[in-house]
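The values are calculated or read from the model by the stated rules, or taken from the named source; none is laboratory data. Only a predicted model underlies this, so the values are computations on that prediction, with no experimental measurement involved. Backbone-built Cβ (ideal geometry, glycine too); neighbour counts: all protein chains shown.
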Amino acid sequence: DTAVSQTPKYLVTQMGNDKSIKCEQNLGHDTMYWYKQDSKKFLKIMFSYNNKELIINETVPNRFSPKSPDKAHLNLHINSLELGDSAVYFCASSQAWGAGDTIYFGEGSWLTVV
Amino acid sequence: DQQVKQNSPSLSVQEGRISILNCDYTNSMFDYFLWYKKYPAEGPTFLISISSIKDKNEDGRFTVFLNKSAKHLSLHIVPSQPGDSAVYFCAASLDQTGANNLFFGTGTRLTVIP
């Protein structure tokens, strides 16, 4: 049973479209994250969400908006997609503000913008 | 600016021999270091960590060494097994509770040759 699951796994879409990536965790964790791995393989945090408190990395464009209907879900919505948004997006969760050794990653969502 | 660097994108090692993966960092305030392992089409999984108050941490075949003066850490795998073939990410944090402040390296692809 997958601990952190993301859908879709692959997404190809045109510039200017709006798309969402869904994430669900069944670990009972309080904290969830979105990471982006770009073409240079850098894995960088975009958002973290803990008990209704959203922390946004200030380098993330405001076209990206996380939505958390409950603590088991943190969805990523992207407006007006651009070519540079093509990347692998990883969802993750951890115990409440736990250290990196409690973080569990999803399998990744490959987004290609054409 | 990339604060955690893995300068070797790939490494090949014969089965049974030692694998040494290296990582350098620039921020002297980093207090906690972690290694993650990633198989294709999967998210990273936590492998081993070390606090800055230690210079060595061992877990089975995996040992992480930390040289704070050189801002360098390494992961040793002895003996290497074909199942160890994966991408290994080094990560650093400003404190042990900062899973939302992990800085990742770009990864080193390890291939263990049977």
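Numerical summary
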quantity: Answer from B:I18, B:I53 - the residue that is surrounded by fewer than 18 Cβ atoms within 10 Å (Cβ to Cβ) and free of Cβ contacts under 8 Å to residues at least 12 places away in the same chain; calculated: B:I53
quantity: Flag for A:P8 being modelled with pLDDT of 90 or more, more than 11 Å from chain B (Cβ to nearest Cβ), closer than 30 Å to B:F30 by Cβ and exposed (fewer than 14 other Cβ atoms within 10 Å of the Cβ); calculated: no
quantity: Residue match in the range B:20-27 (condition: more than 25 Å from A:G108 (Cα to Cα), among the hydroxyl-bearing types (S, T, Y) and part of a strand (DSSP E or B)); calculated: yes
quantity: Failed condition for B:Y88, given (1) away from chain A (no Cβ under 14 Å); (2) touching a residue at least 60 places away in the same chain (Cβ under 8 Å); (3) assigned to a strand (DSSP E or B); calculated: (1)
quantity: Hits in the range B:1-26 (condition: among the aliphatic types (A, V, I, L, M) and either closer than 21 Å to B:L94 by Cβ or modelled with pLDDT under 95 (or both)); calculated: B:V4
quantity: Members of the range A:1-33 that are in a strand (DSSP E or B) and among the basic types (K, R); calculated: A:K19, A:K22
quantity: Subset of the range A:32-66 that is among the basic types (K, R) and touching a residue at least 12 places away in the same chain (Cβ under 8 Å) - its residue that is nearest to B:N7 (Cα to Cα); calculated: A:K44
quantity: Filter pass, B:L110 being in contact with an Asp or Glu (Cβ under 8 Å, 6 or more places away or on another chain), more than 17 Å from A:K36 (Cα to Cα), of a type outside the set (G, A, S) and within 13 Å of chain A (Cβ to nearest Cβ); calculated: no
quantity: Answer from A:L76, A:L27, A:L111 - the residue that is closer than 23 Å to B:S49 by Cα and away from chain B (no Cβ under 11 Å); calculated: A:L27
quantity: Matching residues in the range B:38-49 - criterion: being assigned to a strand (DSSP E or B) and surrounded by fewer than 21 Cβ atoms within 10 Å (Cβ to Cβ); calculated: B:T45, B:F46, B:L47, B:I48, B:S49
quantity: Condition check for A:K36: out of contact with any Pro (no Cβ under 7 Å at 6 or more places or on another chain), among the basic types (K, R) and not in a strand (DSSP E or B); calculated: no
quantity: Given (1) at pLDDT below 85; (2) within 14 Å of chain B (Cβ to nearest Cβ), index of the condition A:S48 fails; calculated: (1)
quantity: Options A:D38, A:D70, A:D18; residue that is within 13 Å of another protein chain (Cβ to nearest Cβ) and of a type outside the set (A, V, I, L, M, F, W, C); calculated: A:D38
quantity: In the range A:68-105, residue modelled with the lowest pLDDT [restricted to those that are farther than 11 Å from A:M32 by Cα and under 10 Å from the mean Cα position of the chain (by Cα)]; calculated: A:V88
